[in-house]
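The structure appears right after this line, and notes come after that.
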Number of protein chains: 2
Amino acid sequence: MSPTSKTPRDAYRDLERRFERMNLVRDAATVLEWDAATFMPDGGADARADQLATLRVLRHELLTDAALEDLLGRAGDADLDAWERANLHEMRRERLHATAVPSSLVEARSQALSACEMRWRTARKDDDFAGLLSSFEEVLKLTREVAAAKSASLGVSPYDALLDEWEPGGRAADIDVVFASIEGFLPSLVERVLERQASRPSLAQPVGPFAPERQRALADRVMRALGFDFAHGRLDVSAHPFCIGVPDDVRITTRWDEADFANGLFGVIHETGHALYERGLPVRWRKQPVGQARGMSTHESQSLLFEMQASRSPEFVGWLAGVAREIFGGSGAAWSAEALLQRVQRVERSLIRIDADEVTYPLHVVLRYRLERAMIAGDLPLRDLPGAFADGMERLLGVRPPNHRDGSLQDIHWPSGTFGYFPTYTLGALTAAQLFAAAVQQAPAIPAGLAAGDARPLTAWLVEHVHALGASIAPGEIVSRATGEPLNPEVFRRHLEHRYLST
Amino acid sequence: MSPTSKTPRDAYRDLERRFERMNLVRDAATVLEWDAATFMPDGGADARADQLATLRVLRHELLTDAALEDLLGRAGDADLDAWERANLHEMRRERLHATAVPSSLVEARSQALSACEMRWRTARKDDDFAGLLSSFEEVLKLTREVAAAKSASLGVSPYDALLDEWEPGGRAADIDVVFASIEGFLPSLVERVLERQASRPSLAQPVGPFAPERQRALADRVMRALGFDFAHGRLDVSAHPFCIGVPDDVRITTRWDEADFANGLFGVIHETGHALYERGLPVRWRKQPVGQARGMSTHESQSLLFEMQASRSPEFVGWLAGVAREIFGGSGAAWSAEALLQRVQRVERSLIRIDADEVTYPLHVVLRYRLERAMIAGDLPLRDLPGAFADGMERLLGVRPPNHRDGSLQDIHWPSGTFGYFPTYTLGALTAAQLFAAAVQQAPAIPAGLAAGDARPLTAWLVEHVHALGASIAPGEIVSRATGEPLNPEVFRRHLEHRYLST
């Protein structure tokens, strides 16, 4: 049958077959990425880069195949159910992102990103912003060209076009409102939290070293308590923790800190949240675009819901302290639930975003959001970035980076061309707070479950209200349906005030 | 530039690009296969099968792309050097194998193989040949159709067409001569070896259990001695030992036998031989067909050269016994080099091919070769296979299988459609003996190196005379050039007589 004689239903079926293939190629690539970060010997890096590049190009060719244009048009006339229609919408979105940018620009940018990423590693180590500048400027220039091209295709602003890759359908106008609210209440809230914290006695903490095997045993126990299924996933060690895989085989990684077991453990809990989301995606749609996770803010909401909301709750910490005592053989006040709670609810003004606690973290993100919007708009020349970054840190967080390394050079995102990603961290944190509050209200068994080391009531609620929806509706719609109102920073504020100022 | 306006040189360059891509897709698939056999959780099996099938189909489509026909024709007029010409030859061979069989037959056979392999696992366990028969007959029927189709395309007999997949350019007529020689001298040689062995005192052996960590430490030490570079490879554990990967990242696996450390260790040495071959392939041609290993007999020659020739030599065993004593903390006569030599040179008439020693192994292979030729020729109905198998075992090896499990059901090869592979085991063993004899004669430093736990003189010789040739010449030509004569079973015979009857 020639493409033009296809019925709309046949066209839709053909699209499902094609996107299934694309998704399987991407899934295959994730195995190569996982291996590269865990078990691959160093000498295999170049060969692995070639293999991954080949899979990416093959997938890109499948996605930009000219035949898809006609199929996507015809399938629109088919009598599709809601999931199929959402699937078709996601297919079009993926296709738009892939075809909006001329391949010469994709290629030029890809080379610029590799060069800039490599240079960033050296520049950060040597605290040498000037040494990165020309390479960084090339990346920004080409990223702005990509944003302009996608803006034309998607019919949104250049920044929103970049944002759409990570936060499908996201709009800076909406984020502005949310972030303005955070910027309004959070600096003074941090102030009050720190004053209150300083006024209270500091409890003694367990003293390491904590053997990695024992930390691993604790992590296994906690992962099982949260519902991680080791018949469908693994925990390994890597330089940077991550979660990758497919619903039936989700791999997470961590690193062990022998001086403080909470670091590795809460990293594991964070990645477990990501893993449970992947595992809970709708079985029927696993190989289709609509069966994938709903963007980065929703993904981050799932990791933060476990890491920040559930696992730092007094209920769960009570159970966790007992398990930690058992596994490490600890006893005494330093191993009490109170001491552990104090440890995992510690707040401080810090320079490094990835080490920040849940209270101060959004301020790091608000700063980056303001700066990257200005960069994409052409309003912030890169030579002025370090100063703007330091000024912003001082204004929002009350600390000023003494160097580039702990200032504007600390994150790999911009040098690797990732703009429009930062806001998803905080949208995720707000979403987590709002979902958790609603879950506890709707399913009162949740806190009792957490107190007994049983997250099944919580996970069941999340599967129903988030995971099983896949990408069938917009991120904001997931929040509205699950909680009864749109994303509301006041819920996050109430969470912080309750946890850090009321007890 | 349209394909028809390409110069012959451009056509050749285009082919190199296309085959590089195909090889990278295949390399990517090997990472998925390795992971599936080592670290993948059981629940990931179905998803992995889908990913692998997708990569295989993509590669097949690249190889059967209609545009290749014209390119392969035009490139033949280019002014190519010897390596490029050999590369073009290998491209044509791969393409012929891929296009010779109609896709409907490929598909039907692929389904029959999956079904038969699964049924074989049950049938072997239950000793139920009758339960496998109809599924096995379907596989044989479709394999004979494939052989007929390839026979027409390659211009060789149906059996030789199957053989060509594993032994490029191999001919049953040549194998007949070699195997007739083996069948002539080996049964009586086995008889004499066993008589002599029985006449000598049996030395006490070290008694286990041998902890896997210690076995692993010994294996690491031996692998390093043989030249394995852990910056470019790994050793892991799997149910069935194998070697897989790319030259810069070669992965081998083993399993540990706590009762007898020599089992796991010599398995590791075998796979190390395969790994060194992959690692030594010509750097310039890694991504091209001519840069791949030269078929299975040559590959097996490299594993057996280390496992049987070098590592069972008195020189190496002397060094190895010292290292084993050190690592296991052993002492006394049971840990002497003499005892270890007796252990690794033990000969017996056994039922199971994969457990056989180097003296009896070729008789297992000769039997399978005779039987599979008869099956492909249509001269041996499968219902008669168990009887023919048992009769052959009795005639060649003097033992008769008491059941199907240890008889014709012991190997997965035929139920999984693999015909024409078995002879490569013994061609490899003969090649190993002939190469090792030549190497020692040409490089007298080899035995002294082995005695000191240093295989560099041996590996250097192999890289020069075998590894670095890739697939640029035929397997037989590698042997002739390296040793000064074609493959000669007399050299293997002399090796066995020297090792098992003269000392």
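The values are calculated or read from the model by the stated rules, or taken from the named source; none is laboratory data. Every value quoted in this text rests on a predicted model; they were computed, and no experiment measured them. Ideal geometry is used to build each Cβ from the backbone, glycine not excepted, and the neighbour counts take in all protein chains shown.
Among the residues of the range B:256-272, is there at least one that is more than 14 Å from every other protein chain (Cβ to nearest Cβ), of a type outside the set (Asp, Glu) and more than 22 Å from B:Ala339 (Cα to Cα)?
Yes, the conditions are met somewhere in the range B:256-272.
Return yes when B:Ser472 is under 21 Å from the mean Cα position of the chain (by Cα), polar (S, T, N, Q) and assigned to a helix (DSSP H, G or I) and no when it is not.
Judged against the criteria, B:Ser472 is not a match.
So, A:Asp42, is that one over 24 Å from the mean Cα position of the chain (by Cα), outside the structural domain of A:Ile244 (by TED's automatic domain parsing) and within 30 Å of A:Thr254 (Cβ to Cβ) or not?
yes
So, restricting to helices (runs of 4 or more DSSP H) that lie completely within the range A:43-154, which ones have at least 1 residues that are more than 30 Å from B:Arg286 (Cα to Cα)?
A:67-75, A:82-99, A:103-126, A:129-154
Is there a residue being at pLDDT below 95 and part of a helix (DSSP H, G or I) anywhere in the range B:4-18?
Checked against the condition, which is being at pLDDT below 95 and part of a helix (DSSP H, G or I), the range B:4-18 yields at least one hit.
Going by what's in this entry, would A:Arg17 be described as under 27 Å from A:Phe242 (Cβ atoms) and either touching a residue at least 60 places away in the same chain (Cβ under 8 Å) or within 14 Å of another protein chain (Cβ to nearest Cβ) (or both)?
The answer is no for A:Arg17.
Of the conditions (1) within 14 Å of chain A (Cβ to nearest Cβ); (2) surrounded by 14 or more Cβ atoms within 10 Å (Cβ to Cβ); (3) not basic (Lys, Arg), B:Ala49 fails just one. Which one is it?
(2) is the only condition that B:Ala49 fails.
Using the structure shown, decide if B:Val317 is in contact with a Phe, Trp or Tyr (Cβ under 7 Å, 6 or more places away or on another chain), aliphatic (A, V, I, L, M) and either more than 30 Å from B:His89 (Cβ to Cβ) or modelled with pLDDT of 95 or more (or both).
No, not satisfied.
Taking the condition more than 30 Å from A:Ala82 (Cα to Cα), of a type in the set (A, V, I, L, M, F, W, C) and not in a loop (DSSP other than H, G, I, E, B), does A:Leu462 pass?
So A:Leu462 does not fit the description; no.
Of the conditions (1) at pLDDT below 95; (2) closer than 16 Å to B:Gly227 by Cα, B:Ser502 satisfies every one except a single condition; which number is it?
(2)
Please work out which one of (1) at pLDDT 95 or above; (2) more than 9 Å from chain B (Cβ to nearest Cβ) is the condition A:Arg56 fails and give its number.
(1)
Just to be sure, is B:Ala29 more than 10 Å from chain A (Cβ to nearest Cβ) and either under 23 Å from B:Thr99 (Cβ atoms) or surrounded by fewer than 18 Cβ atoms within 10 Å (Cβ to Cβ) (or both)?
For B:Ala29, the condition - more than 10 Å from chain A (Cβ to nearest Cβ) and either under 23 Å from B:Thr99 (Cβ atoms) or surrounded by fewer than 18 Cβ atoms within 10 Å (Cβ to Cβ) (or both) - is not met.
Restricting to the range A:222-237, name every residue that is more than 12 Å from chain B (Cβ to nearest Cβ), surrounded by fewer than 17 Cβ atoms within 10 Å (Cβ to Cβ) and not aliphatic (A, V, I, L, M).
Correct list: A:Arg224 only.
Say we look at the range A:54-96 and pick out the residues that are basic (Lys, Arg) and in contact (Cβ under 8 Å) with a residue 24 or more places away in the chain; which of these is nearest to A:Ala474 (Cα to Cα)?
That would be A:Arg93.
I'd like to check something: does the range B:168-177 contain any residue that is among the β-branched types (Val, Ile, Thr), without any contact (Cβ under 8 Å) to a residue 40 or more places away in the chain, within 30 Å of B:Val347 (Cβ to Cβ) and surrounded by fewer than 19 Cβ atoms within 10 Å (Cβ to Cβ)?
yes
Every residue, every condition in (1) modelled with pLDDT under 95; (2) in contact with a helix residue (DSSP H, G or I) (Cβ under 8 Å, 6 or more places away or on another chain); (3) surrounded by fewer than 19 Cβ atoms within 10 Å (Cβ to Cβ), yes or no:
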site: A:Pro102; (1), (2), (3): yes, yes, yes
site: A:Arg121; (1), (2), (3): yes, no, yes
site: A:Arg124; (1), (2), (3): no, no, no
site: A:Ala130; (1), (2), (3): no, no, yes
site: A:Leu140; (1), (2), (3): no, yes, no
site: A:Thr143; (1), (2), (3): no, yes, no
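Restricting to the range B:315-371, name every residue that is assigned to a loop (DSSP other than H, G, I, E, B), touching a residue at least 60 places away in the same chain (Cβ under 8 Å) and within 24 Å of the chain's Cα centre (by Cα).
B:Gln345, B:Arg346, B:Val347, B:Glu348, B:Arg349, B:Glu358, B:Val359, B:Thr360
Looking for whichever is touching a residue at least 60 places away in the same chain (Cβ under 8 Å) and surrounded by fewer than 18 Cβ atoms within 10 Å (Cβ to Cβ) here; the options are B:Pro206, B:Pro201, B:Pro187. Which one fits?
Result of the check over B:Pro206, B:Pro201, B:Pro187: B:Pro187.
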